[in-house]
Amino acid sequence: LQLREKLNDGSTVTVVCMGPPQADVALREALAMGADEAHLVSAREFGGSDTYATATIIATALKKIGYDMVITGRQAIDGDTAQVGPQIAEKLGLPQISYAADIKVEGKKVTVKRMLEDGYMTVETQTPCLITCIKELNEPRYMSVYGIFDCYSKPYEVLDYNALKDDPRIDPSTIGLMGSPTNILTSFTPPQKGAGMMLEGADKATCDQLAGMLAAKHMI
């Protein structure tokens with residue numbers, strides 16, 4: 001939304017979400033914040049898709065909708081794989097930049113500041129492109145009262161299996177459980193770490209005690 005307002009060149013913001021019918025709540029919120037139109041990608045045939053099949057479906061929807069720049073989150077909060085965004089870029093043949101902490105657009109040139117573990121990297125590319133973003137990029141704006149009322153009059157479309165099946169990539173063998181190369185057999189919460197031990201003091205006796213404990217664990 002900030003890029004659209006800064007460019008002021010007639011650009012529009014389209015939000016796309018793949019999920020069950022209940023996901024329309026998130027799309028309506030985005031419209032209330034100021035997005036121009038929304039598309040919900042939803043069908044029973046899409047259920048059970050892993051990251052690969054999900055990327056296939058979303059890439060097909062994006063191809064149908066049209067785009068200049070695709071902006072996604074970094075990763076989902078459940079699977080935590082960070083794979084869907086880059087896989088969409090691969091399926092659409094787009095240059096991709098991940099972990100974006102800042103985005104600047106000048107004409108067709110896009111400059112992105114990427115966050116790394118030990119610093120930052122500045123990368124340039126051209127549109128069309130795909131960028132995955134980290135939460136530090138921006139603070140989402142609040143929905144305005146007018147936006148909440150207006151969000152129900154903005155363009156809203158549901159793209160189901162029938163809407164996408166004309167694309168050769170959409171087939172029962174490439175989507176859903178059947179089209180998913182990976183399957184989750186089980187999930188679990190990792191065991192909690194035990195309480196740590198604190199040694200106080202800066203004398204030789206404390207140092208000897210610490211050294212003895214590390215040696216007993218074969219760490220030194």
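Worth a mention:
- Scanning the stretch 85-111 for residues that are over 17 Å from the mean Cα position of the chain (by Cα) and charged (D, E, K, R), we see that the one that is least open to solvent (accessible area, probe 1.4 Å) is Lys109.
- Applying the set (1) under 28 Å from Leu177 (Cα atoms); (2) outside any strand (DSSP E or B) to Cys17 leaves exactly one unmet item: (2).
- For the stretch 31-42, a residue qualifies if it is touching a strand residue (DSSP E or B) at 6+ places or on another chain (Cβ under 8 Å) and either farther than 16 Å from Ile170 by Cα or open to solvent by less than 10 Å² (accessible area, probe 1.4 Å) (or both), and the qualifying residues are Leu31, Ala35, Asp36, Glu37, Ala38, His39, Leu40, Val41.
- Across the stretch 43-56, the qualifying residues are those that are of a type in the set (Ser, Thr, Tyr) and open to solvent by 20 Å² or more (accessible area, probe 1.4 Å), and the one among them that is farthest from Gln2 (Cα to Cα) is Ser49.
- Filter pass, Ala76 being assigned to a loop (DSSP other than H, G, I, E, B) and open to solvent by 50 Å² or more (accessible area, probe 1.4 Å): yes
- Exclusive hit being in a loop (DSSP other than H, G, I, E, B) and on the phi < 0 side of the Ramachandran plot, set Ala35, Ala53, Ala26: Ala35
- Residue in the stretch 147-163 that is free of Cβ contacts under 8 Å to residues at least 24 places away in the same chain and open to solvent by less than 80 Å² (accessible area, probe 1.4 Å) present: no
- Being on the phi < 0 side of the Ramachandran plot and surrounded by fewer than 17 Cβ atoms within 10 Å (Cβ to Cβ) is a property that Leu7 has.
- Taking the criterion of being open to solvent by less than 30 Å² (accessible area, probe 1.4 Å) and under 18 Å from Arg74 (Cα atoms), the residues of the stretch 112-129 that qualify are Val112, Gly119, Cys129.
- Residues of the stretch 90-135 that are among the charged types (D, E, K, R) and within 28 Å of Arg169 (Cβ to Cβ): Glu90, Lys91, Lys108.
- Residue check for Arg28: open to solvent by 50 Å² or more (accessible area, probe 1.4 Å) and in contact (Cβ under 8 Å) with a residue 12 or more places away in the chain: no
- Among residues that are under 27 Å from Gly66 (Cα atoms), surrounded by 14 or more Cβ atoms within 10 Å (Cβ to Cβ), over 21 Å from the mean Cα position of the chain (by Cα) and among the β-branched types (Val, Ile, Thr), Ile175 is not included.
- Among the residues making up the stretch 188-220, those that are part of a loop (DSSP other than H, G, I, E, B) and open to solvent by less than 100 Å² (accessible area, probe 1.4 Å) are Pro190, Gly194, Gly196, Leu199, Gly201, Asp203.
The values are calculated or read from the model by the stated rules, or taken from the named source; none is laboratory data. As the structure is a computational prediction, the values presented were derived from the model and not from experiment. So basically every Cβ, Gly included, is an ideal-geometry build from the backbone, and we count neighbours across all protein chains shown. Only protein heavy atoms, including side chains, enter the accessible area calculation; ligands, DNA and RNA are left aside. Shrake-Rupley method; radii C 1.70, N 1.55, O 1.52, S 1.80 Å.
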